[in-house]
Each structure stands twice: as structure tokens, then as C-alpha cells.
Amino acid sequence: MKYEKIMQELKSGIYHPVYLLHGAESFFIDSVTSYIEKNALSEAERSFNQEILYGKDADFKTVVDNARQFPMMAERRVVIVKEAQAMRSLKNLLSYIEKPSPQTVLVLAHKNKPLDKRTKFGKAVSKSAVILDSKKLYDNQVPGWIASYASAQKLSIEPQATQMLTEYLGQDLSKIVNEIDKIKINLKEGETITTKLVQEGVGISRDYNVFELNKALSVWDYPKIMRIIYYFEENAKANPLVMVISNLFGYFTKVAITQQNMKASDAELAKKTGVNPFFVKDYRVAARTFRPAQIKQAFKSLHTADRHSKGMGMKSATPLGIMQQLIFEIQTA
């Protein structure tokens, strides 16, 4: 079942006996788990009817014993197993999963990796439980998701602000939500999250950030490129090299896609690259700026820079030195 459908049911007061929330994207798992934990029972009912367990410390007998108990002065019991992927005896829940208590909501929050549904236990869960396959969003899905999240908060967001959050925070939905939630504290319903609010809220320099680096690269403004990477060196905590490299990989991926689809309409190109149509013109400019050989070199050099940033192959390299070498190799390709 999709995340949106599960949340819609929960908000309508519909609860199922067993939930398996599993996959690589922890945000959706945490969101569903948190909602059930806070809303399935009233505050007064939780003391006697809600049990929070952790996979590392729990065994199947403890889980089953809690799940089989009758609710006390409440409609249901709630048993949540967080970090269920660390529960060694998880598969021993098979008999309970096949015949769960109708008066209990059992939540298995299986994070970081999916449960193997081909096993006997996995097949039983697939038949009996509500399953959330929590997958990481693709890069091109993140801007649309940000806009949807802002809309759900009854706010709008500028395209450039959306792009800035995407470029700066990548696919980390928990971080994105955290930053939007901080910004919305000072906004009224119907107001707009602007680029300025994102810069101030996230702590992004207006002139020296990954978004501006991409713009400088798109027209090969070498002096500005150098100013930005020197700023990154002096403010490394706010601009970690791993994040910058990840951003550049996404940037050159979009430039490569654009270069291969120059005859496509802006709408088609926006869909292929996952960027707002407002920014398609910038990628068209970049696609003309870089030769195919330079884009090919960019990916090769980014791979090397990523290894060096993690201390592999060039342990004495500084972030500034790695970035300077990266820019030089792209320029001279």
C-alpha cells in the first residue's frame, strides 16, 4: 500500500492488525510509525495499552505476549517494534502473523533494507499485513515531492527555493522536512517559502552555495567558480565536500541528459531531468557550454574526487585541492 493511502486511512481512524514498514527510505517508515504511536490511542490509554520495543533487545516471545494481551479500557492495543531489522527471531513471529489478534495493532518498522518477501515469513506477511515498501526517491522525484509536502502544509514554494533545497540537501527527506518545518513556523497559511527564507533557514550563503556553483559552471565563469570553492574550504562544516561532490554528480547527470535531448520541448526535458521547467533554460545553456568529452571527464573526475574525499588513494589531499583538481580536469578535457 502506498504511503499516502496508509496515512489517509490512519487519519480516518482505520487501523489494521499488522503493519510491515520496510525499505531504504526511513522518512516514510518513521512518519507512519510516529503517527500510530501518537494517535492510535489517547494519552490516557497509552500507559496500559501501548508497548514500544526495539529489535535489538526484543525476542519474538515478548512481542507475541504483548500483542496477545487484551486491551484495558481501550479499543485496541498497540505494539511497535522499532529497528525490526535487528530482531534475530523476527521470522519466529510467523504463527502470530498468520493469525494476528484483531484487537492489536502490531507495527514492524524494518528500516534501511527491505524484508525478503520470498521467504516463508515474507510470504506470510505479504498475505496478512499492510505493507509499505519505503523506497528512496529518485533525484528527479525530489523537487515534486518537496512541492507536494509544502502544499500539504498549506504553503507554496518558489521553484528556485525547491531547487535549492534539492541541490543542497539531496534525497534526504528527513532533513528536507526538518528545514521546511523550521521555516513554516514563521509563516501563515497560504504564504510562500521563498529562496531567501531557505537561505536564511538552512544557513546557505546567498552568493556561495552549490546552486550558485552550478550556475557558474553552466557559463564557465571561472573566477566565480574559484571564489565559491574557496568559500567552501573556509566554511567546510556548512559545505562538506561529500555533499558538494554528490550535488555535482546530479548536476552533470542533468546536463548530460539535456545534451542528449536538445530537440525535446522544455516540458519533455523537465520531465526527463526532474527539474522545474523554470530551470530548463539553464541546463540548455550548460549543455552548450560543455563538450561531450568534458561531461565524460566530469563523471570520471567526480568518481576520483569522491574516493579522495573519503581518504582513498590520496590521503593527504585537502578539500580545496580535490576541488581545484576536479575543475582543472573538466576544463582541460
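The values are calculated or read from the model by the stated rules, or taken from the named source; none is laboratory data. Bear in mind that the values here come from a model prediction, so they are computed numbers and not experimental data. Ideal geometry is used to build each Cβ from the backbone, glycine not excepted, and the neighbour counts take in all protein chains shown.
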Given (1) surrounded by 14 or more Cβ atoms within 10 Å (Cβ to Cβ); (2) among the aliphatic types (A, V, I, L, M); (3) outside any helix (DSSP H, G or I), identify the lone condition not met by Met312. (1)
Pairs where the first residue, in segment 262-290, is closer than 20 Å to Thr166 by Cα and the second is in a helix (DSSP H, G or I) and acidic (Asp, Glu), C-beta under 8 Å, 6+ apart: Gly274/Asp139; Pro277/Asp266; Val280/Asp266; Lys281/Asp266
Filter pass, Ala287 being farther than 14 Å from Val242 by Cα and outside any loop (DSSP other than H, G, I, E, B): yes
Which residues, taken from segment 71-92, are aliphatic (A, V, I, L, M) and either in a strand (DSSP E or B) or farther than 24 Å from Asn39 by Cβ (or both)? Val78, Val79, Ile80, Val81, Ala86, Met87, Leu90
Being touching a Ser or Thr at 6+ places or on another chain (Cβ under 9 Å) and closer than 15 Å to Leu248 by Cβ is the filter here, so list the residues in segment 212-224 that pass it. Glu212, Leu217, Ser218, Trp220
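Is there a residue in segment 95-103 that is in a strand (DSSP E or B), touching a strand residue (DSSP E or B) at 6+ places or on another chain (Cβ under 6 Å), at pLDDT 90 or above and surrounded by 16 or more Cβ atoms within 10 Å (Cβ to Cβ)?
Narrowing segment 95-103 to residues in a strand (DSSP E or B): none.
No, segment 95-103 contains no residue that is in a strand (DSSP E or B), touching a strand residue (DSSP E or B) at 6+ places or on another chain (Cβ under 6 Å), at pLDDT 90 or above and surrounded by 16 or more Cβ atoms within 10 Å (Cβ to Cβ).
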Report those helices (runs of 4 or more DSSP H) wholly inside segment 117-218 carrying at least 3 residues which are crowded, with 20+ Cβ neighbours inside 10 Å. 142-152, 159-169, 173-184, 195-202, 210-218
Just checking, does segment 181-188 include any residue being over 19 Å from the mean Cα position of the chain (by Cα) and at pLDDT below 90? yes
